[in-house]
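Below is one structure, written out as structure tokens; the observations come after it.
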Amino acid sequence: MGSNAKVASRAVPDELSELLIAVAVHRDRKAFIRLFEHFGPRVKSYLKRLGVNDSEADDLMQEVMLTVWRRAEQFDHRKARASTWIFTITRNKRIDAIRKERRPELDPNDPALVPDRDDDPSEAVSANEWRAAIRKAIDEVPEEQARLLRMSFFEDKTHDVIAKELDLPLGTVKSRIRLAVAKLRRSLEDLR
Amino acid sequence: MPHHHPSEEMLLGYAAGSTSEPLSLLIATHLALCPECRRKVAAYEALGGKELEVEAPAMLSSDSLVSVLDRLDTAEEPAMAPPRPSAEGDLRLPRPLRDYVAGSLDSLDWHQRGGIAEASLLTERSDFKTRLMRIRPKTAIPEHSHHGSEYTLVLTGGFSDHTGHFLRGDVAIADPAVQHRPIADAGEDCVCLAVTDAPLRFTGTIARLLSPLLQR
Ligand SMILES: [Zn+2]
């Protein structure tokens, strides 16, 4: 937490992030149970939507929540919301357990990493603003397009499958996904 | 800062967890060199976070919570990242690529042909061909087209083809229809990571004769 009052007030963690911080700092079991009750059923539901069967999804969700407990101190509320951080854990567990692949990730402490000017802690305000702006950009994607993005990228569905499920011509699905991606990219580029 | 980036679809797929390991390796290594794409991936991960938030809660099995609470203080998390110190090895190869080559290019099994040396990675996969290439200055890579797309990340030196000039951190994407003939820059060796999602097809006359050899 920055000692600069302005930084601290701008970077107020949301309620779920506070629970995560309580787990990280105080090993607070009550806070963990509340996180479990909120995220456990959602993580499981997400995994099931990706085709993981019920009992496997339950086991995997438990692994996700154990990782949340063990790695809570790696959570940085200035960089991501609690739900985003838990999403990345869920994603990686699924790749590991279901796809049986490694997940190549960069190492933020790698001396070979080209730093971002905003990785500088004295610029925490702007990192926080960036996060809020991301949120806004995402909320601005029209629901119809957001749905296609979800199906295509987060549910691993091919364009063919999406076309069948939504009863749309394949060409329409392709052009709408292209449109949605372009809109998201433009909103993100406007943030710079 | 790189000028040629992975496509938006690749970054979204990487954030969502739907890109394959070879392509994820190339994207993650680019991310180490590209703050701009790191920000985009962070944004796309936030999209995933939103997915979780709006997810309708599923019914858990009755003993899930107890089972997790019982294990909170027992088993330790197996380390996901290798325990190797982050500063060790050849820093021209950012992580995660550095971990895939055990820290250095010398650990690989290189095959030299003319001015081009190649070493295969992730050889257990038949759907992708993943290679490191070391190309001597001013060497032309035989003219070729592909059945699938070809993705090339530059790590040292550079090369040019008809689509542009590629330097450290840049990603060149060649689509199946395009024949191209990259030439390495003068100066130092050009080392790059190349991922092809189907075997290469060489198109020049001599290359066609060599093709069976080049594909091993
Ligand atoms: Zn980039």
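What the table shows:
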quantity	calculated
Qualifying position, being at pLDDT below 90 and charged (D, E, K, R), among A:42, A:71, A:29, A:10	A:10
Condition met for residue A:152 (under 22 Å from the mean Cα position of the chain (by Cα) and at pLDDT 80 or above)	yes
Index of the failed condition, residue B:78 passing every other in (1) assigned to a helix (DSSP H, G or I); (2) modelled with pLDDT under 90	(1)
Residue list for region A:36-65, restricted to those being crowded, with 21+ Cβ neighbours inside 10 Å, of a type in the set (D, E, K, R) and either touching an Asp or Glu at 6+ places or on another chain (Cβ under 8 Å) or closer than 17 Å to residue A:15 by Cβ (or both)	A:42, A:44
Members of region B:91-113 found to be more than 9 Å from every other protein chain (Cβ to nearest Cβ) and surrounded by 13 or more Cβ atoms within 10 Å (Cβ to Cβ), listed by number	B:101, B:102, B:103, B:104, B:105, B:108, B:110, B:111
Those residues of region B:24-38 which are within 13 Å of the ligand (Cβ to nearest atom) and small (Gly, Ala, Ser), in sequence order	B:28, B:32
Residues within region A:46-64 that are within 7 Å of another protein chain (Cβ to nearest Cβ) and under 15 Å from the mean Cα position of the chain (by Cα), tallied	1
Evaluation of residue B:88 against (1) surrounded by fewer than 18 Cβ atoms within 10 Å (Cβ to Cβ); (2) at pLDDT 90 or above (one fails), failing number	(2)
Residue A:68 being within 17 Å of the chain's Cα centre (by Cα), surrounded by 21 or more Cβ atoms within 10 Å (Cβ to Cβ) and under 15 Å from residue B:72 (Cα atoms)	yes
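Let's see how each residue does on (1) of a type outside the set (D, E, K, R); (2) within 16 Å of the ligand (Cβ to nearest atom):
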site	(1), (2)
B:6	yes, yes
B:10	yes, yes
B:22	yes, no
B:40	no, yes
B:44	yes, yes
B:49	yes, no
B:58	yes, no
B:62	yes, no
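Here's the yes/no breakdown for (1) among the small types (Gly, Ala, Ser); (2) at the interface with another protein chain (Cβ under 7 Å from one of its Cβ atoms); (3) over 26 Å from residue A:111 (Cβ atoms):
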site: B:30; (1), (2), (3): no, no, no
site: B:41; (1), (2), (3): no, no, no
site: B:45; (1), (2), (3): no, yes, no
site: B:51; (1), (2), (3): no, yes, yes
site: B:54; (1), (2), (3): no, no, yes
site: B:63; (1), (2), (3): no, no, yes
site: B:67; (1), (2), (3): yes, yes, yes
site: B:70; (1), (2), (3): no, no, yes
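The values are calculated or read from the model by the stated rules, or taken from the named source; none is laboratory data. Remember, predicted model here, so these are calculated numbers, not experimental data. A quick note on method: Cβ atoms are made from the backbone with ideal geometry, for glycine too, and the neighbour counts reach across all protein chains shown.
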